[in-house]
Amino acid sequence: MFQLMLMQASKYDFHALIDTNDHEIYTKLTCCYNEKDGDIKGAVCSQLVGERAKIILDEVRHLALFTKDQCLLHIGEHFQPVMEGMETESYSSVADAVLRNHIFVHLNDNNDKFNLLIFMVQKLFSLVDQTSAPDNSDSLQNQEILLPGHLITIYLKEKLEDWLRKGKKLVEDKINNNSQNFDFCSLKDVKKVMDKNSSKQIGTAIENLLKTGRLITQTGLDLQQMKSNDICDLMENEVVSKHGWKQKEALVLLVFSKKTWVYSKRGHGFVDLFKIIEAKRKRKERFPLVLPQDACACAEIEMSVYESDINRAGFTVQAERLNYLRFISFFRSVHRGASFAGLRTTSVRKLLPESWGFLCPVHTPDGEPCGLLNHMTCTCLGVGMTTSWPKVDHAGPPRALPVLLDGCVIGSLSSGEADKVVAHLRRLKVSAASVIPDDLEVGYVPLSLAGTYPGLYLFTSPSRFIRPVRNISIPSSDGKDIEHIGPFEQVFMEIKCPDGGNGGRSATFPATHEELMPTAMLSVVANLTPWSDHNQSPRNMYQCQMAKQTMAFSLQALHSRADQKLYHLQTPQTPIVRTKTYTKYGLDDYPSGTNAIVAVLAYTGYDMEDAMILNKSAVEHGMCRGQIYQTETIDLCEGKSNQGQRIFKREHSDKAISSFVDSDGLPYVGQVIHGNEPYCSTINQVTNSKRVYNHKGSEMAIVDYVAVDTKNKQHLQKVNIRFRHPRNPIIGDKFSSRHGQKGVCSQLWPDIDMPFSGVTGMRPDLIINPHAFPSRMTIAMLLESVAAKGGSLHGKFVDATPFSDAVKGVNGKTETESESLVDELGSMLRARGFNYHGVEVLYSGVYGTELTCEIFIGPVYYQRLRHMVSDKYQVRATGQVDQITRQPIKGRKRGGGIRFGEMERDSMLAHGAAYLLHDRLHTCSDYHIADVCSLCGSILTTAIIQPQKRVVREIGGLPPARAPKKVMCHACQTSKGMETVAMPYVFRYLAAELAAMNIKMTIQLSGEAGA
């Protein structure tokens, strides 16, 4: 489809862009082929290129288009109906607007557009001849970043254009309406008309985008979140439903996003109007439309599809301060586009080699956003600038390579001199007195056989990925050898790893660059996992997600914050085993865990699977204790009707809330508030009515801080009340190490019953099951336990940077010693009299006897996750039911129940628990006693007959006797044969639904017990 569109557009644009002739166009198109080249390396076209160029020029000649003016008139004539606001302009002006605003919009000069069109057609010819490979749209080298500033700018531009267009239409309507007195030269009259088109809608749209992330647009803004299938479905549904065209009508014209489409009812779908018009003119036929006969007249009909807005959500997310790592990850994340989340293809999710060093291969979530939500590596940046370059003559490969700067063809370069030019550009980039940008991307695609189309592609545009590498081809003694490269040029460069090897390269292609460090390919969060090169890859991915879900010391200015919800760890610690990245980013200011003494053994049976036992005494001493801070904002100025009438105050006569609320209507700081207890009071000065705010939920909270807004000098109008919810570790809370080993607390075991060491007497803070290691292969966690044990004994931190044993120093040796990592850590323990492998003899805390085998025990940095049982438990006896089915509703906040689904039903049947199944699905759900007519078998035609009221005297102080219930069947017109049957109410609802479809359900009753 793209090839056809490019060929169709190039027919007229060649002549319309610049003053040229057919011979010049033919020469430029065919300069990429030479018969002498044959099939040599770098030949990008075949002998058919001349025939193709001739076909293009012949089609234009048959339309009698020979000059630039004639082509402009031709384009303007066909595009004027779809160019809004240019109905009265000349054809030449319309054509200029089309070329300026819709053809290569990144270029301002028509000569540059002409040269780029020549290059694109040549590249298309090469692709058709299979002498060059197609570009991969999913590759990072062909992509840029959409930054927030760019998104807001294009959205603001569209809203300004809409506002100006509506204002222009209002003024034109006033001028054309001669019956009203309107003077265009009068500022008062113009302002009166423009007031009908308020400019506040522009600011409101931008504000809603920032607040809700919802973008309402008519054009889609060419974003990945807008799918072409959605456009076609929207157009088809709108036209068929609103205008009611019949199937026999062949074509329906649509104008959408300033593009003209024709919908074919014969199964062709949406096709280009331009192509249909040309076919019509050749055959001298008319469209089989019930609408106006000429297609151009049809284009003037703007359907409601054009005016309907496309609503897309998810453009903004809230930068949560759950912890510091989660906060900074929001600003390092890159999302491919929400439209790809629902696709079944996996090509967009693949980790391609072009992403090396720019996108982290580890830091991506599992599940639906896997591979779509990526994070930049720790050394990757996004920068850019623009510059200008001189112009040179145009030529083609293989003797000359095209040179493009930011999508603009600026000349050609001899293929023999290309290597020297590229090397010189790289020397200028790293030189002190550089005359070119430091972030210039030098994408040199060399000559190849059926490879990527050769050329020298230079990029200085904004929103590009760049990262630093060391240029070893340039001798430098002062350290000025750092060069910033981009993803496009990286594919064609020779970059070696800093391990001293050549990576299997031959002497013909020596390495010209070197990575700064092996961990440069990982993100900031992934770099914090100690010895991640010893872990299974999925465990490192899990840790990247759980590190952002950890309760931590998220911020320093806690007393001045008014966040809606904050998780805070009360007693954090710094890890003994850490990477260099931890120190580089100063994460000691935001610690996120605790060094817990972890024993690996099966103890008491409460540590099966991923369950873990916590030392109750350690928890009481403060291990992993935390709080949740929630802020309630009360703004009395929200409603315009009550503005200035309500004030914070408590009535002196109201003694019921005096123990919770002070006389100023605000709570006491440090006051303990339980569920449904008051914490604030306001009074309306006009009506003297009061309003009391009660604490929602059943959990106890403490008033931590009360902040007042003193903008109003007379009375307070806005307060922020922060509540503190203590959250100490309890059974059901979730914990995790830094290696993806997550578990749930199963017991808070008394300290006296925990196993203890026979040498030191220490008791573990946490016990995990040994089966957590064989299948998950988190060897780094075992290394961390040994290293932290040795580091604490020696009183020093242990460096656990991954791949450190592979980095070669200046002398050719690795940074670590020649011995293995296990030998190095084991010697630290042996020097202090401990076992070389980190195991110890433990004794049972219950029996006092020695355990059968030696136990692996040592400190491990553990994180407490935000998933707590206090936020997730759900229990219900009775409560609200659904109005239709009379079954319990769902939702924890609404007091609903948990669904007993089909799989739960199957398990009950498999166990033979029929009575329990009956109790769950009937007695405790929608138990209903229905009156059934045994004569006709109907449950819908029965009704209760109200007895006549009669005077009943009380006898001996007893209550009056209840009249017996009388039920009759309206279908049988009798009360005989009425029976009561217990059934689920949803069965009665099913009978009613079937009756609405004219289907009668009859019930046969039997007196047998088993029936």
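Some values worked out for this structure:
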item: Subset of the range 880-915 [closer than 19 Å to V986 by Cα and among the hydrophobic types (A, V, I, L, M, F, W, C)]; result: V881, I884, I889, I898, F900
item: Verdict on F104 being surrounded by 14 or more Cβ atoms within 10 Å (Cβ to Cβ) and either charged (D, E, K, R) or touching a residue at least 60 places away in the same chain (Cβ under 8 Å) (or both); result: yes
item: Qualifying positions in the range 707-745 - among the polar types (S, T, N, Q), at pLDDT 90 or above and buried (at least 20 other Cβ atoms within 10 Å of the Cβ); result: S736, S737, Q741
item: Checklist (1) in a helix (DSSP H, G or I); (2) buried (at least 18 other Cβ atoms within 10 Å of the Cβ) applied to T364, failing item; result: (1)
item: Residue check, I721 within 19 Å of Y567 (Cα to Cα), of a type in the set (V, I, T) and not in a loop (DSSP other than H, G, I, E, B); result: yes
item: Selected residue (only one of G697, G675 is within 35 Å of the chain's Cα centre (by Cα) and over 30 Å from Q573 (Cβ atoms)); result: G697
item: E77 in contact with a helix residue (DSSP H, G or I) (Cβ under 7 Å, 6 or more places away or on another chain), outside the structural domain of S412 (by TED's automatic domain parsing) and surrounded by fewer than 14 Cβ atoms within 10 Å (Cβ to Cβ); result: yes
item: Residues being within 30 Å of G203 (Cβ to Cβ) and among the β-branched types (V, I, T) - total across the range 121-159; result: 4
item: Residue count for the range 519-538, restricted to those that are buried (at least 23 other Cβ atoms within 10 Å of the Cβ), in contact with a Gly (Cβ under 8 Å, 6 or more places away or on another chain) and closer than 22 Å to S333 by Cα; result: 1
item: Some residue of the range 380-392 being at pLDDT 85 or above and farther than 23 Å from Y26 by Cβ; result: yes
item: Residue that is surrounded by the fewest Cβ atoms within 10 Å (Cβ to Cβ) [pool: residues in the range 422-445 that are without any contact (Cβ under 8 Å) to a residue 40 or more places away in the chain and out of contact with any Ser or Thr (no Cβ under 9 Å at 6 or more places or on another chain)]; result: A433
item: Checklist (1) part of a loop (DSSP other than H, G, I, E, B); (2) crowded, with 20+ Cβ neighbours inside 10 Å applied to M608, failing item; result: (2)
item: Long-range neighbours under 7 Å by Cβ, at least six apart or interchain, first residue closer than 15 Å to P726 by Cα within the range 672-683, second in a strand (DSSP E or B) and at pLDDT 90 or above; result: V672/I702; I673/Y679; I673/A701; I673/V703
item: Within the range 491-511, tally of residues that are surrounded by 14 or more Cβ atoms within 10 Å (Cβ to Cβ), touching a strand residue (DSSP E or B) at 6+ places or on another chain (Cβ under 7 Å) and touching a residue at least 60 places away in the same chain (Cβ under 8 Å); result: 2
item: Breaking point among (1) touching a residue at least 24 places away in the same chain (Cβ under 8 Å); (2) in contact with a Lys or Arg (Cβ under 7 Å, 6 or more places away or on another chain); (3) of a type in the set (A, V, I, L, M), for L917; result: (1)
item: Selection status of K196, part of a helix (DSSP H, G or I) and either at pLDDT 80 or above or in contact with a Pro (Cβ under 6 Å, 6 or more places away or on another chain) (or both); result: no
item: Output for the range 444-477, where each listed residue is closer than 18 Å to P134 by Cβ and in a strand (DSSP E or B); result: V445, G455, Y457
item: Every pair of residues 6+ apart whose Cβ atoms lie under 9 Å, when the first sits in the range 694-723 and is farther than 15 Å from Y679 by Cβ and in contact (Cβ under 8 Å) with a residue 40 or more places away in the chain while the second is of a type in the set (A, V, I, L, M) and outside any strand (DSSP E or B); result: H715/L636; L716/L636; L716/L666; Q717/L636; K718/L636
item: Filtered residues of the range 453-480 (kept if among the charged types (D, E, K, R) and buried (at least 18 other Cβ atoms within 10 Å of the Cβ)); result: R464, R467, R470
item: Test result for A943, at pLDDT below 90, in a strand (DSSP E or B) and closer than 29 Å to L921 by Cβ; result: yes
item: Qualifying residue in the range 882-900 (condition: closer than 30 Å to L569 by Cα and aromatic (F, W, Y)); result: no
item: Residues of the range 895-909 classified as among the aliphatic types (A, V, I, L, M) and surrounded by 14 or more Cβ atoms within 10 Å (Cβ to Cβ), total; result: 1
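Conditions (1) in the same structural domain as V692 (by TED's automatic domain parsing); (2) crowded, with 16+ Cβ neighbours inside 10 Å; (3) in contact with a Leu (Cβ under 7 Å, 6 or more places away or on another chain), marked per residue:
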| site | (1), (2), (3) |
| --- | --- |
| A552 | no, yes, yes |
| L569 | no, yes, no |
| T583 | no, no, no |
| P591 | no, yes, no |
| L614 | no, yes, yes |
| A618 | no, yes, no |
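Residue by residue, here is whether (1) assigned to a loop (DSSP other than H, G, I, E, B); (2) at pLDDT 85 or above holds:
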| site | (1), (2) |
| --- | --- |
| G479 | yes, no |
| H484 | no, yes |
| M493 | yes, yes |
| F509 | yes, no |
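The values are calculated or read from the model by the stated rules, or taken from the named source; none is laboratory data. Everything quoted here is computed from the prediction, not taken from an experiment. So basically every Cβ, Gly included, is an ideal-geometry build from the backbone, and we count neighbours across all protein chains shown.
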